[in-house]
Structures are given as structure tokens and as C-alpha cells.
Amino acid sequence: MSQLVRPYVTNAEFRSSPTWLDTENLVVGGDTVAQDAELANTLLKASAWATGVCNQRLDAHQVLERMRVTPDQYGRVSIHAAVKPVRKEAVTAFSYGQPGSMTPLTDLSAVWVEDDVQILVQLGGPGNFGPALEFGPPRGQVETFVQLGYVGGWTSTTLAGSSSSGAASITVADPVGIYPGDVLRIWDPGDEEAVQVGPSYTPGNPTVPLVGATGAAHGPGAGVSAMPADVHQAVICRAVSMLLRSETGGAGDYLEAPYGPTAATGPGRSKAMELVAEAKHLLRPYRRVR
């Protein structure tokens, strides 16, 4: 599993959530830069935890798989992708054959993707199933080596620069996973909005044309994501559980908080444990299933 380098949730999104936590005192004596860095580290750890729970990276990234497959009687191979979701246009490379003699598939237009995870590729015509007696596997059903490249996961990036209200395009830090027609959410506290990628967009270009225009101005670093909101909430829950501290005799930054910060909720159980359980529940639909 490749290394995660960007949290699924931005500092601004986390701070705008009703966590009742003081994120300006994470590093004793640290300045604003130090506090921001430590919160980003915590969110990265929480995102990596979500990756582990789901047994796959959830943000869009390049995937390369190598395997051995056996074509069916129609000359087709069916591959269950290691990372989901994967879309037809996200399959970027396919080659097959034997080690040292792999044949690239130059036309990927016939690749078929089912349920965002099952990839079907036609390698050749059907095998020979005539009346003659055959020994060994039918033609076309010999084990074949395959190398498959695709983009798996949901777009999860940030704005690379400012965007004014009414802008016809946005510029993102990482365009991996963005395709024409996609609906992306800009996670900008107080100015959240959904935008649709224009049909003229060329995948891989950091400048993304939109259908219509932005409804608000956004600053650099605002989150841009196609990831389900439940994943965002799971990361927030896990990060909060990591930031909770031991009770300090009633003293706290927020006296009105419903827990402060690790009040027990039952025998052998804490608020942190409940938050972790809630995060796992939210992530359940996105766990990798083979």
C-alpha cells in the first residue's frame, strides 16, 4: 500500500467542526505555524488510520498491479481491482503475455468496469470448443501474466491558488482522479459549495474548467474532494479521539463541552473509545472486500 502524504481533511475543515477542542495549544509554547503543523500531522495520522481500517487508500492515486490470470472461453479476463472505486476512464495501461514478452493493449476503449471495481478486458477470440477431443487447457485459457495500471480512489486535494467568486475554473494542487463531469465539493468553512468539472477538461491538468461558475471566493489550501462526507466525518472522529486529554479536575478550555475531554461514559469505556467506534461504523461501507 503506497504512502499517504495528504490528510483527507484540512485544518480549516477540522476547526470548523463542533469538536469543542482547542487546536491552538497542541504544542506547548509553539507559534501558529507549529500548531498548524501538529494539527496537520494528527489529521494525517487519522487519515492513515482510516486507510488501515478500509485496507486501502481512499484518495485518488496511481495503482500498478501485477498478477497471473486465466482467460475464459471467450478470451476475456476479469480482474477485481485492489483499490476502489475505479472507473473506465481511470484504466491507464494494460499489458499481457509472459515475463520478458508482454504485449501492451494500445486501445483501452473496450475496457469494461463493473460496480467500480471489476475490470473486464478482451484479450482475443473464444477458445476452440469443437467436437474434436482436446488435451490440456482449451486455446485461450492458458495462464497469462498481466500488468494493470489505473487510478483508484476518490479525488482529495486542495486549491493551489485563490479563486474569486464567479470563477469559471479552479486550480488544484493534485489533479489525480479528476475527470470531465465529476462533481467536486470545495470544503471551505462558511463557503462550502459543489462544482462540476466541465466537459472540455483534460485529465491531469491542474486547471479545472467548470460547468457554470463558483458561487463564492476561496483561498489557497481549501479542500477539494469527491470523497464521501462519511469518510471526512470518520477522520474527524478519529482525530478528536487522538487529541482528547486526561481530566484536569474540572478545568478546561470549554466548560460547556459535553465531554471534557475524556469523561467516562460507562464502566471501562471512554468518549475516545466511542468516537473510534463511530469512525469505524462510518467507514464500514468503504472497506476493501476481495
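The values are calculated or read from the model by the stated rules, or taken from the named source; none is laboratory data. As the structure is a prediction and not an experimental result, all values here were calculated from the model. Note that we place each Cβ from the backbone using ideal geometry, even for glycine, and neighbour counts take in every protein chain shown.
Things worth noting here:
- Scanning the stretch 41-67 for residues that are of a type in the set (Gly, Ala, Ser) and within 14 Å of HIS232 (Cα to Cα) yields ALA46, SER47, ALA48, ALA50.
A quick yes/no check of all residues on (1) of a type in the set (Asp, Glu); (2) touching a residue at least 24 places away in the same chain (Cβ under 8 Å); (3) outside the structural domain of TYR96 (by TED's automatic domain parsing):
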{"site": "ALA37", "(1), (2), (3)": "no, no, yes"}
{"site": "ALA40", "(1), (2), (3)": "no, yes, yes"}
{"site": "LEU43", "(1), (2), (3)": "no, yes, yes"}
{"site": "ALA48", "(1), (2), (3)": "no, yes, yes"}
{"site": "THR51", "(1), (2), (3)": "no, yes, yes"}
{"site": "GLU65", "(1), (2), (3)": "yes, yes, no"}
{"site": "THR70", "(1), (2), (3)": "no, yes, no"}
{"site": "SER78", "(1), (2), (3)": "no, yes, no"}
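- When we screen GLY161, GLY124, GLY149, GLY130 for residues that are assigned to a loop (DSSP other than H, G, I, E, B), of a type in the set (Gly, Ala, Ser) and at pLDDT 90 or above, the only hit is GLY161.
- Sole exception among (1) surrounded by fewer than 19 Cβ atoms within 10 Å (Cβ to Cβ); (2) within 16 Å of GLY152 (Cα to Cα) for ALA60, by number: (1)
- Of all the criteria given as (1) touching an Asp or Glu at 6+ places or on another chain (Cβ under 9 Å); (2) in contact (Cβ under 8 Å) with a residue 24 or more places away in the chain, the one not satisfied by TYR201 is (2).
- Meets criteria (modelled with pLDDT under 95 and closer than 30 Å to SER163 by Cα) for GLY212: yes
- The residues of the stretch 237-256 that are under 23 Å from THR10 (Cα atoms) and at pLDDT 50 or above, listed by number, are CYS237, ARG238, ALA239, VAL240, SER241, MET242, LEU243, LEU244, ARG245.
- Checking each residue of the stretch 169-187 against the condition of being outside any helix (DSSP H, G or I) and at pLDDT below 95 gives no match.
- Any chance LEU282 is at pLDDT 95 or above, assigned by TED's automatic domain parsing to the domain that holds GLY161 and under 26 Å from ALA81 (Cβ atoms): yes
- Filter result for LYS84 (surrounded by fewer than 18 Cβ atoms within 10 Å (Cβ to Cβ), at pLDDT below 95, in contact with a strand residue (DSSP E or B) (Cβ under 8 Å, 6 or more places away or on another chain) and not small (Gly, Ala, Ser)): no
- Here ASP115 meets the list (1) modelled with pLDDT under 90; (2) over 16 Å from ALA93 (Cα atoms); (3) not hydrophobic (A, V, I, L, M, F, W, C) almost entirely, failing just condition (1).
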